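First comes the structure, then the notes that go with it.
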Amino acid sequence: MCSDPSLLEGWQWLWCYLSTPKHQQFYASFLVVFAVLIVTAPVTMILGFAGALARRSAFLPLRCFGIVYTSMIRGVPEIIFFLFVPIALDQLVEFIRHRIKCPEITDPIYQGADFVVCMAAKMPLGSSPQWAHGLWGFTLAVIAFSIVYGAFAANTLHGALNAVPQNQLETARAFGMSERQIFRRIHLPQMWTYALPGLSNLWMILIKATPLLFLLGIEDIVYWAKELGGAKTSYFAYPHPDWRLWYFLALLVFYLSLTRVSEVVFKSLTARVSKGQSLLGQATAS
Amino acid sequence: MSCAQTFADYALRSIGFGVRALPKTDITLCEQVVLIGSGMVWNAYFAILAVIFGFLFATALAVARASDNIWLRKPSDWYVFLFRGSPLFIQFFFAYELFAQLPRAGIDIPLGFTTITLATSWLTKAWAGALIVLFLNTSAYSSEIFYGALRAVPKGEVEAARAYGMSGFSLFRRITWPTLLRLAWPSYTNEAIFLFHGTTLVFFSGFPAWQQKGDALYYANYFAEKTYNPFISYPIAALYFIIFTILIIALFGAINTRLNRHINPAECPKIKYRPQMIR
């Protein structure tokens with residue numbers, strides 16, 4: 001049906017236009033958003049826990065590290081981290097590989113406006129396939145996301161751990177539980193009620209941060225919206241004027257529905273974890 | 001070239017004064033510090049204007065959301081959902097494309113006896129278009145804060161004011177609004193900081209930096225690409241943002257003290273910057 005686009009009209013034209021291979025890549029890039037969310041969320045939680053525990057640690061250097069980590073996102077826009085972390089990590093990895101693989105080259109790494117490492121130290125190697133480059137970029141992006149939002153999560157979890165009533169812990173101590181037992185059986189389960197509002201908010205922030213992948217050079221939905229929406233001359237099979245407005249409208253609707261669904265899910269989750277806890281502000285904990 | 005000379009050349013480069021060409025080779029630390037600092041003018045401009053106008057609009061929105069009139073309540077609910085539920089980055093792109101679709105020559109509005117031509121091209125410039133988006137965005141987030149505070153205003157205060165014969169606007173201005181501000185201020189400080197950080201997105205979204213007049217992060221990115229060394233320019237930009245954030249906290253803290261000047265200092269709510277609770 002779609003073999004000769006110039007003969008098509010109306011809905012048929014639109015149907016064929018929306019099912020071109022390029023558009024299929026566009027639809028596939030929505031999966032990238034979900035992939036980032038699915039990979040980042042657990043890593044963020046792990047880093048968040050590590051940060052929160054480091055901040056509570058009795059060991060001073062570790063505590064200092066925790067404080068610096070949880071405060072770093074307070075003063076600095078996250079976009080700076082998104083631009084900085086991937087390129088810094090990339091250079092760091094290449095620098096280390098350069099030292100290991102080509103120790104005979106002693107020239108400085110930074111030469112004028114260039115970052116020079118030997119061919120064997122390139123990451124990924126110049127000879128590796130296209131998908132390897134994509135995967136490496138994706139990995140760096142996910143690491144950058146996790147570091148930044150891990151700091152957010154650490155803040156939330158630290159606050160939640162502090163919010164658990166002290167007498168609960170004292171009672172546990174009176175029962176003769178060890179510190180480890182108290183943490184696992186009393187402190188941690190009760191923390192979730194206090195952490196959930198912050199974590200649901202963090203999830204929303206994470207969703208709304210996914211278009212920033214575009215800044216990291218990943219072919220995500222923003223990239224494809226710009227690419228496909230731009231005006232196409234009659235040289236193309238499906239000529240059309242500048243339609244970027246409609247593509248971005250579609251992205252807007254996509255994000256609105258995603259945040260809406262998450263909101264509903266978190267509401268029911270909040271009701272579930274606060275079951276059986278005597279909290280005054282139960283209804284307002286959203 | 002001395003650092004003083006660099007300062008004279010580039011201190012106001014971001015708003016079009018000084019040397020036109022950006023440094024390309026042999027970039028010194030001084031050039032990076034001066035030029036990135038010059039870009040902060042734009043971040044401050046966007047943040048200050050958006051917060052001032054957004055504050056007024058957000059108050060109106062919060063009142064509208066608490067109103068009994070469905071025609072006021074529903075549209076403002078939808079407005080807040082629209083701007084809080086979607087990423088600022090996409091809002092920038094969408095707004096730019098929307099403004100770019102307007103006819104270049106302007107819109108003619110016939111008034112019968114004469115015709116007014118409404119210029120539209122300025123909307124695609126960052127100084128106006130991005131400011132509008134930031135203003136609308138912060139209004140939505142702030143109104144959520146104000147709305148929450150409005151519902152937390154003690155009923156007794158309002159009832160007492162009614163007993164004194166106050167109603168309507170004077171009740172709002174003298175009783176509800178001061179209490180609302182007092183309750184909302186710590187969260188509102190967070191929102192102002194978030195908005196300030198959000199201004200860095202402007203020149204990375206649709207809006208072009210005309211004649212390379214950009215914000216701090218635009219120049220930091222420029223240097224990082226030119227020198228291929230991210231370890232100098234990004235930390236400089238980060239340092240500027242930390243300094244400005246501390247200034248915002250100090251300013252909003254002073255306002256907080258003033259709002260609570262009748263309350264015992266020991267009971268005065270402290271501003272705690274909790275970034276996770278806000279967006």
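Just a few scattered comments:
- Where helices (runs of 4 or more DSSP H) fall entirely within the stretch A:139-244, those with at least 3 residues that are loosely packed, with under 13 Cβ neighbours inside 10 Å are at A:166-174.
- Residue within the stretch B:220-228 that is facing chain A (nearest Cβ under 10 Å), more than 30 Å from B:L181 (Cβ to Cβ), surrounded by fewer than 20 Cβ atoms within 10 Å (Cβ to Cβ) and touching a Phe, Trp or Tyr at 6+ places or on another chain (Cβ under 7 Å) present: yes
- Here B:A209 fits the description: more than 9 Å from chain A (Cβ to nearest Cβ) and either farther than 24 Å from B:F99 by Cβ or among the aliphatic types (A, V, I, L, M) (or both).
- Residue match in the stretch B:108-120 (condition: under 27 Å from B:T199 (Cα atoms), within 14 Å of chain A (Cβ to nearest Cβ) and modelled with pLDDT under 95): no
- Among the residues examined, B:F241 qualifies as within 14 Å of chain A (Cβ to nearest Cβ), at pLDDT 85 or above and within 20 Å of the chain's Cα centre (by Cα).
- Given (1) more than 18 Å from the chain's Cα centre (by Cα); (2) more than 9 Å from every other protein chain (Cβ to nearest Cβ), number of the condition B:F252 does not satisfy: (1)
- No other residue among B:V202, B:V153 is in contact with a helix residue (DSSP H, G or I) (Cβ under 9 Å, 6 or more places away or on another chain), in a loop (DSSP other than H, G, I, E, B) and modelled with pLDDT of 90 or more apart from B:V153.
- Of the residues making up the stretch A:39-67, those that are of a type outside the set (S, T, N, Q) and over 14 Å from A:A153 (Cα atoms) number 10.
- Residue count for the stretch A:38-73 satisfying the condition of being surrounded by fewer than 18 Cβ atoms within 10 Å (Cβ to Cβ) and not hydrophobic (A, V, I, L, M, F, W, C): 6.
- Selection status of A:I109, in contact with a strand residue (DSSP E or B) (Cβ under 7 Å, 6 or more places away or on another chain), at pLDDT below 90 and surrounded by fewer than 19 Cβ atoms within 10 Å (Cβ to Cβ): yes
- Top-ranked residue in the stretch B:1-55 [being under 30 Å from B:S143 (Cβ atoms) and of a type in the set (V, I, T); ranked as modelled with the lowest pLDDT]: B:V41
- Taking the conditions (1) in a helix (DSSP H, G or I); (2) at negative phi; (3) surrounded by fewer than 18 Cβ atoms within 10 Å (Cβ to Cβ) in turn, B:Q211 satisfies each one other than (2).
- Selection of the stretch B:74-90 for residues being more than 12 Å from chain A (Cβ to nearest Cβ), free of Cβ contacts under 8 Å to residues at least 12 places away in the same chain and of a type outside the set (D, E, K, R) yields only B:P75.
- Between A:G176, A:G134, the distinction of being out of contact with any Gly (no Cβ under 8 Å at 6 or more places or on another chain) and modelled with pLDDT under 90 belongs to A:G134 only.
- Enumeration of residues in the stretch A:201-232 that are more than 9 Å from chain B (Cβ to nearest Cβ) and in contact with a Pro (Cβ under 6 Å, 6 or more places away or on another chain): A:L216, A:A231, A:K232
- Of all the numbered requirements in (1) modelled with pLDDT of 75 or more; (2) more than 14 Å from chain A (Cβ to nearest Cβ), B:E267 misses one, and that requirement is (1).
To keep it simple, each residue is scored yes or no on (1) over 30 Å from A:E9 (Cα atoms); (2) free of Cβ contacts under 8 Å to residues at least 12 places away in the same chain; (3) touching a helix residue (DSSP H, G or I) at 6+ places or on another chain (Cβ under 9 Å).
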residue	(1), (2), (3)
A:A174	yes, yes, no
A:R184	yes, yes, no
A:H187	yes, no, yes
A:E219	yes, no, yes
A:P241	no, yes, no
A:Y255	yes, no, yes
A:E263	yes, no, yes
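- Residues that are under 30 Å from A:M72 (Cα atoms) and over 26 Å from the mean Cα position of the chain (by Cα) were ranked within the stretch A:102-156; the one that is farthest from the other protein chains (Cβ to nearest Cβ) is A:I109.
- Residue count for the stretch A:56-83, restricted to those that are within 20 Å of B:F223 (Cβ to Cβ), touching a residue at least 60 places away in the same chain (Cβ under 8 Å) and within 9 Å of another protein chain (Cβ to nearest Cβ): 4
- Filter pass, A:E78 being touching a Lys or Arg at 6+ places or on another chain (Cβ under 7 Å) and either modelled with pLDDT of 85 or more or closer than 21 Å to A:L202 by Cβ (or both): no
- Listed by position, the helices (runs of 4 or more DSSP H) enclosed by the stretch B:1-112 that each have at least 2 residues that are closer than 30 Å to A:A250 by Cβ are B:29-66, B:70-85, B:88-101.
- Residue count for the stretch B:124-158 satisfying the condition of being surrounded by fewer than 18 Cβ atoms within 10 Å (Cβ to Cβ) and under 27 Å from B:L98 (Cβ atoms): 4.
- Taken over the stretch A:88-138, the criterion of being small (G, A, S), farther than 16 Å from A:L215 by Cα and part of a helix (DSSP H, G or I) is satisfied by A:A120, A:A121, A:A132.
- In the stretch A:1-37, of all residues being among the hydroxyl-bearing types (S, T, Y) and assigned to a loop (DSSP other than H, G, I, E, B), the one that is surrounded by the fewest Cβ atoms within 10 Å (Cβ to Cβ) corresponds to A:S3.
- Any chance B:T257 is more than 8 Å from chain A (Cβ to nearest Cβ) and β-branched (V, I, T): yes
The values are calculated or read from the model by the stated rules, or taken from the named source; none is laboratory data. The structure presented is a predicted model; accordingly, all values stated were derived computationally and were not measured. Heads up, the Cβs are rebuilt from the backbone with ideal geometry, glycines too, and the neighbour counts pull from every protein chain shown.
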